Each structure stands twice: as C-alpha cells, then as structure tokens.
Amino acid sequence: MARSCPVCPSQPLNVVQASDVDVDICPRCHGLFFDRGELERFPDRPSLKPLMGTARNAASRCRAGGHLVPRALASCATCRSEPVACPGCGARLGLVSARVCTVDLCVQCGGAWLDAGKFETLENATVEAPKAPPSGSRVGWEVAPATDGGADPWMAPGATAPLPPSHSPSGGYGLSSPFGCVQCGLPVPVSQAWAWDGDIYCGEHRPKGAVSGASLPKHRSPEALPDLTVGREGPEWGDLVFWVVQLLRIR
C-alpha cells in the first residue's frame with residue numbers, strides 16, 4: 001500500500017532511489033520522507049536522532065493551515081484540522097528545530113519528514129540535542145491551578161507561570177505561543193516576538209529595525225481594547241492576531 005503525504009490531502013508518495021536509499025517523495029509538494037536510519041546514509045546530512053527527545057513533547061502542525069497544535073489538543077484550535085501524521089506508521093509528527101530549518105519527526109518509528117528544500121538546507125549542517133533545563137525547572141506540559149478563566153490553563157515546557165489576565169496586550173486568551181517565526185517556524189510568545197513589515201520573527205532571526213513585543217505596554221485599560229468578546233463559536237482569531245501585529249508594529 002502506497003504511503004500518503006502528511007501535508008497534501010490524499011496524495012500518494014512515490015519511491016525514488018538516491019545513494020542506494022529508497023526515499024519517499026511527494027510529487028505535489030516535493031517533500032521527502034526518510035525511514036529510521038535512512039537520512040544517516042547520506043554522508044553530508046546530519047543525524048536527527050539528537051532531536052527525538054524534543055519531538056516527544058513538541059507541538060505538531062495541522063494539515064490544513066500549518067498552525068501549531070500542542071500535544072494536549074487532538075485537532076487544530078484554529079481550523080479544526082488534524083495534525084500531520086507519519087507516512088510510515090500513522091503516528092503524530094512533532095515539529096522541532098534543527099537550527100537551519102524545522103523538521104517533522106516521528107518518535108514512534110523514527111521517521112523524518114522534510115518539506116521541499118530542507119534536504120538541501122541540511123547539507124553539512126550540525127544538529128545537537130537541546131541543552132538540559134536548569135536544575136529544578138519544570139519541564140513538559142503541566143496543568144496550571146484553577147483560575148477565573150482569564151489565565152492560560154496550560155503551561156508550555158519550561159514555563160513558570162500562565163499568561164496574564166485579559167487586560168494584557170495578549171488579550172488574555174491563553175495563547176502562550178500565538179505566533180511562529182517566518183524564518184524557522186518555531187513558536188514565540190508575544191513578549192519574545194519581533195515584528196517587521198507585517199511578519200513575525202524570533203530573536204535569532206529578527207531583521208534590522210524589527211519591533212520587539214517586549215516593548216508593548218505592560219498594562220492597558222480594558223476600555224482601550226477592541227471588542228474581543230468570546231461568542232458561542234469562540235473568538236475571532238484573525239482579528240486578534242491582526243490587532244496584536246498592529247501593536248507590535250508601533251515604533
């Protein structure tokens with residue numbers, strides 16, 4: 001049975017041989033899937049094994065829009081689509097950073113999915129396991145204490161506190177990482193985001209002249225905020241993101 005592309009709906013993968021390795025390739029998006037140990041058979045490509053530990057708790061991206069889907073959620077909170085699945089075993093893929101690009105890894109079968117162009121980007125790259133968190137710090141996803149609904153009920157890996165209440169610049173909707181860097185794809189919270197020409201960047205890839213989210217006012221009067229009332233079908237996420245981007249662009 002032919003394997004299916006994790007990104008393109010109902011698109012079977014083709015098998016091509018490269019350097020005596022049978023690689024699965026999508027004829028539509030040109031992404032590549034490598035089974036366990038196959039990428040290491042290319043001498044100028046790094047092993048992604050050091051990133052498997054990070055992939056266990058890493059968020060996935062959804063199939064429809066590429067939105068980040070935390071492990072705590074079964075479907076995308078933005079578009080309700082499913083997270084990308086491994087072409088090899090069907091398990092959920094975790095999106096992790098290999099410094100030069102992001103990759104989707106399967107901790108169940110050890111497979112790796114590379115979007116178009118990422119195989120070339122990884123040439124002669126160095127991949128290292130992330131540094132261990134400081135002793136005593138909390139890791140993994142933890143349920144925060146009960147709140148009045150104005151704070152984030154989930155805390156991201158390594159977080160020490162939930163998000164601020166609803167009068168904060170983030171709107172208080174519990175988004176610990178509402179943005180993703182357009183360069184590396186990693187999620188960044190508002191306080192660590194940088195905005196330039198309508199795009200969001202992390203601190204490592206921010207262009208010259210970008211505006212820091214940390215420069216936003218720490219407190220705002222609720223009367224000064226737009227109407228972001230949560231209705232029966234949830235908040236208007238597009239309006240929320242647009243509003244925050246405009247705040248980030250204030251110089």
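By the gyration tensor of its Cα atoms, with a ≥ b ≥ c the square roots of the eigenvalues, what is the shape of the range 34-129: rounded for a/c under 1.5, prolate for a/b over b/c, or oblate? Show your work: numbers first, answer last.
On the way: a/c = 1.98, a/b = 1.79, b/c = 1.10.
Judged from the Cα gyration tensor, the range 34-129 comes out prolate (a/c at least 1.5, a/b above b/c).
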Q183 long-range amide H proximity, modeled H, under 5 Å: C202
Note, ³J(HN,Hα) from phi for the range 11-24, Karplus 6.51, -1.76, 1.60, rounded to Hz, x at Gly and Pro: 10, x, 8, 9, 9, 10, 9, 9, 6, 6, 10, 7, 10, 8
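Once a ≥ b ≥ c are taken as the square roots of the eigenvalues of the Cα gyration tensor of the range 1-64, is the result rounded (a/c under 1.5), prolate (a/b larger than b/c) or oblate (a/b not larger than b/c)?
Cα axes put the range 1-64 in the oblate bin.
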Per residue value of the accessible surface for the range 4-60 (all protein chains in place, 1.4 Å probe), Å²: 51 Å²
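The values are calculated or read from the model by the stated rules, or taken from the named source; none is laboratory data. All of these numbers come straight from a predicted model, not from anything done at the bench. The accessibility values were calculated without ligands, DNA or RNA, using every heavy atom of the protein model including side chains. Shrake-Rupley method; radii C 1.70, N 1.55, O 1.52, S 1.80 Å.
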